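The values are calculated or read from the model by the stated rules, or taken from the named source; none is laboratory data. Keep in mind that this is a model prediction, so the values were computed, not measured. Backbone-built Cβ (ideal geometry, glycine too); neighbour counts: all protein chains shown. Only protein heavy atoms, including side chains, enter the accessible area calculation; ligands, DNA and RNA are left aside. Shrake-Rupley method; radii C 1.70, N 1.55, O 1.52, S 1.80 Å.
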Amino acid sequence: MLEELKKEVYQANLDLVRHGLVILTWGNVSAIDRKTNLVVIKPSGVSYESMKVEDMVVVDLDGNVVDGTLRPSSDTPTHLAIYKAFAEVGAVVHTHSTYATAWAQACLSIPNLGTTHSDTFHHAVPCTAEMSTEQISRAYEAETGTVIAEAFEGMNPMHTPAVLVAHHGPFTWGKSAKEAVQNAVILEEVARMTSITVALNPTVQMNEDLVEKHYNRKHGANAYYGQIKK
């Protein structure tokens, strides 16, 4: 079932290791088939070294396993909440990469201070509200998805395809597993750059005209970055 999507998700999980975004089993990738509303996700606690394509788990949007012999990632309810909240998302990544997680632990959004940030995330990468004791005790992983959705009220999640969960870590997404991983790579580098920038100049601000120029030259209606697709 969804064999090609399993391969994509498997490779994307390995790419997290290749890019240095995860250690041990601290991360996961999922992708959704919007035709069937079935999600392929990494199994819980399985090492990247021993993991195989056939270990990928298929669940429905209620979290029921429909294919696979292993338990899905413990973060599955968060992934599912993102798919439900953001209809254009095709894949989700969660890591505990160092700099992005540091901003999350500090409960700070990552401000847009340069063109590197503008190219991918447009605006500040938001940090969620801190979860209440009730949310933590009720259905922690699902409520994590709730605070993520709330952080994007009034924002386009495809313009800023990343979030920091307060005291926890980053989630990124994209239209494909490959794109979601790429956004995780960029987020970690942007978080590192911003940490250094703020240390050098805590009051620096970004020119909004430059923000819009850089975002739109890659993603706008008249984008001209890269090659023309034939």
Review point. Out of the residues in segment 178-230 that are out of contact with any Phe, Trp or Tyr (no Cβ under 9 Å at 6 or more places or on another chain), of a type in the set (A, V, I, L, M) and in a helix (DSSP H, G or I), which is most open to solvent (accessible area, probe 1.4 Å)?
Key: Leu200
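Taking segment 95-108 on its own, how many of its residues are touching a Gly at 6+ places or on another chain (Cβ under 6 Å) and of a type outside the set (Ser, Thr, Tyr)?
Of the residues in segment 95-108, 2 are touching a Gly at 6+ places or on another chain (Cβ under 6 Å) and of a type outside the set (Ser, Thr, Tyr).
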Exercise for review: Give Asp67, Asp55, Asp75 a once-over and let me know the one that is open to solvent by 20 Å² or more (accessible area, probe 1.4 Å) and either among the β-branched types (Val, Ile, Thr) or more than 21 Å from Thr25 (Cα to Cα) (or both).
Suggested key: Asp67
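Among Leu70, Leu61, Leu24, Leu113, which is more than 15 Å from the chain's Cα centre (by Cα) and under 18 Å from Thr146 (Cα atoms)? Before the answer, list the steps.
Values: Leu70 fails: under 18 Å from Thr146 (Cα atoms); Leu24 fails: under 18 Å from Thr146 (Cα atoms); Leu113 fails: under 18 Å from Thr146 (Cα atoms).
After applying the criteria, what remains is Leu61.
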Review point. Taking segment 1-35 on its own, how many of its residues are among the β-branched types (Val, Ile, Thr), closer than 24 Å to Gly63 by Cα and open to solvent by 50 Å² or more (accessible area, probe 1.4 Å)?
Key: 1
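Out of Ala87, Ala81, Ala12, Ala31, which single residue is free of Cβ contacts under 8 Å to residues at least 60 places away in the same chain and either within 17 Å of the chain's Cα centre (by Cα) or not in a strand (DSSP E or B) (or both)? Break it down stepwise before answering.
Working: Ala81 fails: free of Cβ contacts under 8 Å to residues at least 60 places away in the same chain; Ala12 fails: free of Cβ contacts under 8 Å to residues at least 60 places away in the same chain; Ala31 fails: free of Cβ contacts under 8 Å to residues at least 60 places away in the same chain.
The match here is Ala87.
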Review point. For segment 148-176, which residues satisfy the criterion of being in contact with a helix residue (DSSP H, G or I) (Cβ under 8 Å, 6 or more places away or on another chain) and not in a loop (DSSP other than H, G, I, E, B)?
Key: Ile148, Ala149, Ala162, Val163, Leu164, Val165, Gly169, Pro170, Phe171, Thr172, Trp173, Gly174
